[in-house]
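Since the structure comes first, as C-alpha cells, the remarks are kept for the end.
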Amino acid sequence: MESQLCEAEEIIVVGGGNSAGQAAVFLSQTAQKVHMLVRSGALSDTMSRYLIRRIEENPGIELHYKTEIVSLEGGAHLERVTWQDKTTGEISTHEIRHVFVMAGASPRTDWLRGCLALDDKGFIVTGRDLDAVTATPWTQSRPPQMLETSLPGVFAVGDVRAGNVKRVASAVGEGAIAIHLVHRALAEL
C-alpha cells in the first residue's frame, strides 16, 4: 500500500537494520529515489551482507551515513525534510513527502525491570497476558484492563507493549483507548 502512495517520488527510509534495508529495496521498485539515512558509519554491524550488497548495487537507493533528520515541515501533509550529515555538519533540505522510520524493534525498557512485568524480549506485558507472564499475582478485585500493566492504574501503549502490531495507527488507537481506561481507573479511587 505504501509503495503505491509514493510511486515516482523521492522518499526517505530511516534506519540501518535489516527492516530498513528490506523496506528500501522494496520501495525502490516504485519510488523515483530512496534516500536511506543511517546514523552509524556502516551497515555491516546491523544488516546481512546479502542485503547490504543489494542496497549498494541498487541505483535507486542513495545511502547517507552518519545522517539524521533535523526537521520536518509542511501544512496539511509533509512537504520538506531537512537532514544533517554529522561528519561534515552540512544541512540540506529536500522536497520529500514520505518518510519511513525503521529505527529498531528493541524496546528500551531495562529501567522498568523490577517495576513492571516484561516479557523475555523486554516488552511490557499488559491486560489478560499478565497471568501467563508474571509470577506476581494481580492484587485487584477486578481483572487487569486491556492496556494495564502489572502495576494497577499504569498503562502501556505502542511499540513498547508486548503484542503490539508495530504500526503508528495502532499506537494512536491504543493511546485513545488508554485515555478512556485511565478515566475508568481514576473513577475507582
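The values are calculated or read from the model by the stated rules, or taken from the named source; none is laboratory data. Just so we're clear, the structure is a prediction, and the values are computed from it rather than from any experiment. We place every Cβ from the backbone using ideal geometry, glycine too, and count neighbours over all the protein chains shown. Side chains included, ligands, DNA and RNA excluded: accessible areas come from the protein's heavy atoms. Shrake-Rupley method; radii C 1.70, N 1.55, O 1.52, S 1.80 Å.
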message: For the structure I just gave you, tell me whether ARG161 is open to solvent by 40 Å² or more (accessible area, probe 1.4 Å) and of a type in the set (Lys, Arg).
response: no
query: Only one of VAL81, VAL154 is under 27 Å from LEU27 (Cβ atoms) and of a type in the set (Val, Ile, Thr); which?
result: VAL81
message: Where the second residue is of a type in the set (A, V, I, L, M, F, W, C) and at pLDDT 90 or above and the first is at positive phi and lies in the stretch 1-26, which pairs have Cβ atoms under 9 Å and are six or more apart or on separate chains?
response: ALA8/ALA31; GLY15/ALA23; GLY15/ALA24; GLY15/MET36; GLY15/LEU37; GLY15/VAL38; GLY15/PHE100
query: Which condition number in (1) open to solvent by 30 Å² or more (accessible area, probe 1.4 Å); (2) modelled with pLDDT of 95 or more; (3) touching a Gly at 6+ places or on another chain (Cβ under 6 Å); (4) not aliphatic (A, V, I, L, M) is the one that THR46 fails?
result: (2)
message: If I ask for residues that are of a type in the set (Gly, Ala, Ser), open to solvent by 60 Å² or more (accessible area, probe 1.4 Å) and in a helix (DSSP H, G or I), which ones from the stretch 4-25 would you list?
response: SER19
Top-ranked residue of the stretch 105-125 - restricted to ones that are of a type in the set (Gly, Ala, Ser) and in contact with a Leu (Cβ under 9 Å, 6 or more places away or on another chain), ranked as farthest from SER150 (Cα to Cα): GLY122
message: With the condition being under 27 Å from GLY122 (Cα atoms), I'd like the strands (runs of 3 or more DSSP E) fully within the stretch 26-106 carrying at least 2 qualifying residues.
response: 33-38, 99-101
Scan of the stretch 107-150 for residues that are small (Gly, Ala, Ser) and either open to solvent by 60 Å² or more (accessible area, probe 1.4 Å) or not in a helix (DSSP H, G or I) (or both), ordered by number: GLY114, ALA117, GLY122, ALA132, ALA135, SER141, SER150
message: Whether any residue in the stretch 61-68 is open to solvent by 100 Å² or more (accessible area, probe 1.4 Å) and without any contact (Cβ under 8 Å) to a residue 40 or more places away in the chain is what I want to check.
response: no
